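The structure under discussion appears below in the form of C-alpha cells.
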2 protein chains.
Amino acid sequence: MFGKSSRKNIRYQLAPQMRDYDRMKEVWLPHLMYFHSPCFRSEAVNTDRDGFRLTGPLKESVFADPTQKPVSLLAGNSTAFGVGATADAQTIPAHLQRITGENWLNFAGRSFSSTQEFLLFLYFYPRLPKIRNVVIFSGFTNISLFYRAWEYCKQYGIFFSWNRFNKLLNQREDFAKTHPLLNRLIPSSYKNRLDLSAMTPRQVLKAILKGAPVERQPQSLEPFFIKVTDPKREKGVLLPVIEHDLRNWRMLADVLGFEVSYVLQPLIQWTGKQFSPEEEKLIADIDRHPAMFWRVFRDYMDEAEHQWLSGETRRLCEQFSIPYYDMSKLMSGKDLDRQWLFVDRPHLSDRGSKLAAELIAEHIL
Amino acid sequence: MFGKSSRKNIRYQLAPQMRDYDRMKEVWLPHLMYFHSPCFRSEAVNTDRDGFRLTGPLKESVFADPTQKPVSLLAGNSTAFGVGATADAQTIPAHLQRITGENWLNFAGRSFSSTQEFLLFLYFYPRLPKIRNVVIFSGFTNISLFYRAWEYCKQYGIFFSWNRFNKLLNQREDFAKTHPLLNRLIPSSYKNRLDLSAMTPRQVLKAILKGAPVERQPQSLEPFFIKVTDPKREKGVLLPVIEHDLRNWRMLADVLGFEVSYVLQPLIQWTGKQFSPEEEKLIADIDRHPAMFWRVFRDYMDEAEHQWLSGETRRLCEQFSIPYYDMSKLMSGKDLDRQWLFVDRPHLSDRGSKLAAELIAEHIL
C-alpha cells in the first residue's frame, strides 16, 4: 500500500481520495458480520465511535445530538456510504442535509448486503430520535456477491467474504482434492458412509483401519446451501432474502412511524451517458483489474440484467408499499454526457453524489 | 468419540442419549452465526431441513403443516432445545403439545445467545401460521459466555465461539507475543504509529527499513470491544443487549399479535433440591471436566449470581411488559428432593423436561 505502485496508478492520480478508502479496514462483529473501523480519520472519510461515516465536521458520535431534532437516514452499501467522495461533506446524506435543512445520517456500510442494511438499523434504532425518512439506496451487493459465490445460502443470503468465512469455519473442503492419494485408498463402501469433508485424514484412516463403526449417514448440507453453477440462470433464488428484508423494513417503518423508500443505485452503463474523459480512463483502468468484484460489473451487469433487477425489485417493493425508484433511469433523464459523475462503474464522484442527492430530493422527499 | 473412552464415562453410562447430542455438529451461517445440522437423525435427537428439532415423529419440515392451525413456540438455548432428553417426544415443547393439545415448535438453538434466539425468529416468522404464545426459556448463555470471554462487544454482544471467530477474522494478536524478537527491534517511535496487530512481520519490516510513511494512527477498536478482566464486577455491560433483544421481541409480539413471556431457565443448585443419586454422580463427573463452559456453572453461578440475574432480567422484562418467571424458583416450590431432574447443572432429564412443561402450563399458559 505504501510506495511506488500507487504512483503509476491512474485511479490514485485522478481520484487521490481513493487512497483513504483503500486504507480503511473492516472490523468483524457478531451478526452484522463487520462494520467500518471506529474513529477512522483521514481527509476523505471519517467515522464515529460506532463506525458510522460522518456528514460534516468531526464528531465522536453521530447519535450525540442535543437538539434531538428528527433525523432521516440513507441506508445502503459503499455507494450510499460515499466511496468516491473527496470528503464526508460531499456524500449524498451531506447534500441531502444541505438541500432539506434537516438532519441526515449516513446509515450505509461498505459492501453491505440488503440484510446487513436492515440489521444495522435494527441494532441502532433505539439510539435515534424521531425518524422522518429512510431512503434505501441499494441493490448491487446481493446480486454481485451471487455472481462470485460457489455456494449460496437460501434462507440467510450471503455477505462479502462469505466464501472465506464458509471455508474457514465450516471447513468443508473437497476431500478428493485436498487428499487425492488417501482418497483413492478409501474403500467405496466407506466413502458413502463417512462425512469426509468434516474429517481429518487421521480420523479417516482410523475409521477404516479399525473397522470402527462409521457415521450412519454423511451430513448433507444441501438443505442450507445450493451450489452456484450458472448464476445468470439461477439468480431468482436471491429474491426471497431481498423480499424478507423489505418486509422487515416495512414493519419497522410502521412501528416507528417513518417513510421508507427504495432507490436502485446507479451503474454507469445503465445511465446511458457518454463517459467523460476521466471516466474513460478510470474505467479502462479498473476494467483491467483481475478481481471478480470488478469483473462482475463489467461483464455481467448489462441492460438485460438492469431490466431484470429493476423489475423484480420494483415488484417486491410494491408488495410492501415501498415507493421504488431507479437512479440510473432518473439520471438518464438529465443531459449528463461527458460530465464526470462516476469514479468507477458503481461509485460516484462528488458531482455524481450531488446529482443523486438532488434527484432524491426532487422525486422522493 | 468411537471406542473405549466412552465406556468408562459416567455420563454415557447413566445418560447414553448424550452420545447423540455430542455427535451433532453446528453449521456456520450468515448473521445467525450457526445452527444445527439439517436433517440430523439419531435415536435421541432429530432435526428438520432447516435445522429445527422435531417434537415427535420424523418429518422433513416443522413448517409443513397442512392444517395451518395456530402454533406456539419455545425459544431458547440448549436447555429449551432439550439437550438431555432421550427423544424428541421428551422435550419441553413436546410435553406442552400433549398438555395443551396445541401445536408447539422447538424454536431453540444450542448455545444460542439472547440475540440468536431473536434472530432465528426474525428469519422464520413469515413461514409460520398465526402464532399464539412464545415462551423464551433462556438466560444462561449471555452471562456464561461473558465469564469466558477475553473481549466483549458492547453493541452486538457475543456468541459461542466468539473468541475463536474474533481471533481468526480480526487477527488482532498481540504482536509482542507472536513476534517477540521483531517486536524488540521496532523503534518505539514506530510502535506508537503502526497498527502492529494488523500487520505481517514483512509489512512491519518494510515500513521501518524503507522509512516509509506510516499509518498516522493505530486503529483502536476500544469503542467496539472492552477487555473483560473481572467479569463478576463488570457483568452489568451485558444488560443493554438483553434489553434490546427483549425490546425487539415486544415489537414483534405487538405486530404479529402473540403473547410473549420469559422464563429464566433452571440451574440445579438454584432449585435448592437435594441431588438424586444419578445427579450426584453425573455432576461430580462433569465438575471434573476442564472446559471453562462447565467450570462457569460450577464456580460462578452461586445464589448471589442467581439473585442478580433474576432481578435484572425481571426488571428488563417489566420494562417491556413481558411476564417473567424464574424456573428454579417455580421448581423449588415442589418436593423434588432425590428426583432425577438434571443430567448436568443446566440440562434437564426427561423427568425434568416434563416438570418444566407442567410448570409452564400451570403458571403461564
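Nearest 20 debye, what's the magnitude of the dipole of chain B about its Cα centre given +1 on Lys and Arg Cβ and -1 on Asp and Glu Cβ?
On the way: 49 positive and 41 negative charges, 300 e Å.
Rounded to the nearest 20 debye, it is 1440 debye.
Using Cα pairs closer than 8 Å and at least 6 residues apart in sequence, work out the relative contact order for segment B:1-135, in percent. Don't skip to the answer; put the middle values down first.
Details: 224 pairs, mean separation 31.1, N = 135.
Result for segment B:1-135 is 23 percent.
Mind checking B:70-81 for the average number of partner chain beta-carbons within 10 Å of each residue's beta-carbon?
Details: counts 0, 0, 0, 0, 0, 0, 0, 0, 0, 0, 0, 0.
Mean inter-chain Cβ contacts per residue within 10 Å come to 0.
Of A:Arg98, B:Arg345, how do they rank once you tally other Cβ atoms within 10 Å and put the fewest first? Working shown, then result.
Numbers: A:Arg98 15, B:Arg345 21.
Neighbour counts put them in this order, fewest first: A:Arg98, B:Arg345.
Rounded to whole Hz and in sequence order, give me ³J(HN,Hα) for segment A:145-155 from the Karplus expression 6.51 cos²θ - 1.76 cosθ + 1.60, θ = phi - 60°, writing x for Gly and Pro.
5, 4, 5, 10, 8, 9, 9, 10, 9, 4, 7
Which cross-chain or sequence-distant (5 or more) residues have an amide H under 5 Å from the amide H of B:Tyr34, H modelled 1.01 Å from N in plane?
B:Leu29
Tell me the distances, shortest first, between A:Arg41 and the same position across the other copies, using label points 7 Å along Cα→Cβ, in nm to one decimal.
The projected label point of A:Arg41 is separated from its counterparts by 6.2 nm.
Please list the non-local residues whose amide H lies under 5 Å from the amide H of A:Leu341, H modeled 1.01 Å from N, same-chain partners needing a gap of 5 or more.
For A:Leu341, whose amide H was placed from the backbone, the distant partners under 5 Å are A:Ser276.
Order these by the 10 Å Cβ neighbour count, fewest first: B:Arg184, B:Arg250.
Details: B:Arg184 8, B:Arg250 16.
Listing B:Arg184, B:Arg250 from fewest to most nearby Cβ atoms yields B:Arg184, B:Arg250.
Taking K and R as +1 and D and E as -1, what net charge do the other residues with C-beta under 14 Å from the C-beta of A:Arg315 add up to?
Combined, the nearby Lys, Arg, Asp and Glu give -2.
Between copies, how close do the B:Leu168 label points come, placed 7 Å along Cα→Cβ, listed in nm from shortest?
Listed shortest first, these distances are 0.7 nm.
Give me the inter-chain shielding for A:18-30: mean count of other chain Cβ atoms within 10 Å, whole number please.
Numbers: counts 0, 0, 0, 0, 0, 3, 1, 5, 2, 10, 9, 12, 15.
If you average over the peptide's residues, the count of other-chain Cβ atoms is 4.
Please list 3J(HN,Hα) in residue order for segment A:21-29, calculated via the Karplus relation 6.51 cos²θ - 1.76 cosθ + 1.60 where θ = phi - 60°; whole Hz, with x for glycine and proline.
5, 5, 7, 5, 10, 9, 10, 7, 9
Kindly write out, for segment A:221-227 in residue order, the coupling ³J(HN,Hα) from the Karplus curve 6.51 cos²θ - 1.76 cosθ + 1.60 (θ = phi - 60°), rounded to whole Hz, with x marking Gly and Pro.
9, 3, x, 8, 10, 10, 5
Which of the listed residues, B:His36, B:Ser188, A:Phe275, is farthest toward the dipole's positive end in the protein assembly as shown, when Lys, Arg count +1 and Asp, Glu count -1 at the beta-carbon?
B:Ser188
Rounded to the nearest 0.05, what FRET efficiency do A:Thr100 and A:Asp285 give with R0 = 45 Å and r taken as the Cβ-Cβ distance? Could you check? It would help to have the intermediate numbers written out before the result.
Values: r = 36 Å, r/R0 = 0.80.
According to the calculation, E is roughly 0.80.
Counting Lys +1, Arg +1, Asp -1, Glu -1, what net charge surrounds A:Phe63 among other residues with beta carbon under 14 Å of its beta carbon? Spell out each step's value before the answer.
Details: positive: A:Arg49, A:Arg53, A:Lys59, A:Lys69, A:Arg127, A:Lys130, B:Lys154; negative: A:Asp48, A:Asp50, A:Glu60, A:Asp65.
Neighbour charge sum, excluding A:Phe63 itself: +3.
How much of the DSSP beta bridge set in the protein assembly as shown is antiparallel, as a percent to the nearest 5? Don't skip to the end; give the middle numbers.
Numbers: 18 of 58 bridges.
The antiparallel fraction comes to roughly 30 percent.
Antiparallel DSSP bridges in chain A: what percent, to the nearest 5?
Working: 9 of 29 bridges.
Beta bridges within chain A, antiparallel portion: roughly 30 percent.
Counting helices only, and only those DSSP H runs with n ≥ 4, report the 222 nm mean residue ellipticity of chain B as the sum of -39,500 (n - 2.57) divided by its residues, in deg cm²/dmol to the nearest 500. Display every interim value, and only then the final one.
Details: 19 runs with 153 residues, N = 365.
Per the formula, -11500 deg cm²/dmol.
Among A:Tyr125, A:Tyr325, A:Tyr152, whose mean-square fluctuation peaks in a Gaussian network model of chain A (Cα, cutoff 10 Å)?
Maximum fluctuation in the GNM of chain A, among the listed residues, is at A:Tyr125.
Tally Lys/Arg at +1 and Asp/Glu at -1 over every other residue whose Cβ is under 13 Å from the Cβ of B:Ile99; what's the total? Each step should come with its number before you reach the end.
Numbers: positive: B:Arg98, B:Lys354; negative: B:Glu102, B:Glu358, B:Glu362.
Residues near B:Ile99 contribute -1 overall.
Using only atoms on other chains, find how many Cβ atoms lie within 10 Å of each Cβ of peptide B:238-246 and report the average.
1
Using modelled backbone amide H atoms (1.01 Å from N, in-plane), which distant-in-sequence or interchain residues come within less than 5 Å of B:Ser72's amide H?
It is B:Asn103, B:Trp104, B:Leu105, B:Arg132, B:Asn133, by chain and number.
In nm, what does the list of distances from A:Arg250 to its counterparts in the other copies look like, shortest first, when each label sits 7 Å along Cα to Cβ?
Label point to label point, same position, other copies: 2.6 nm.
Every number here is computed from the coordinates shown, using simple stated rules; none is lab data. Quick caveat, the model's predicted, so the values are computed rather than measured. In this analysis, Cβ positions are derived from the backbone assuming ideal geometry, glycine residues included, and neighbour counts consider all displayed protein chains.
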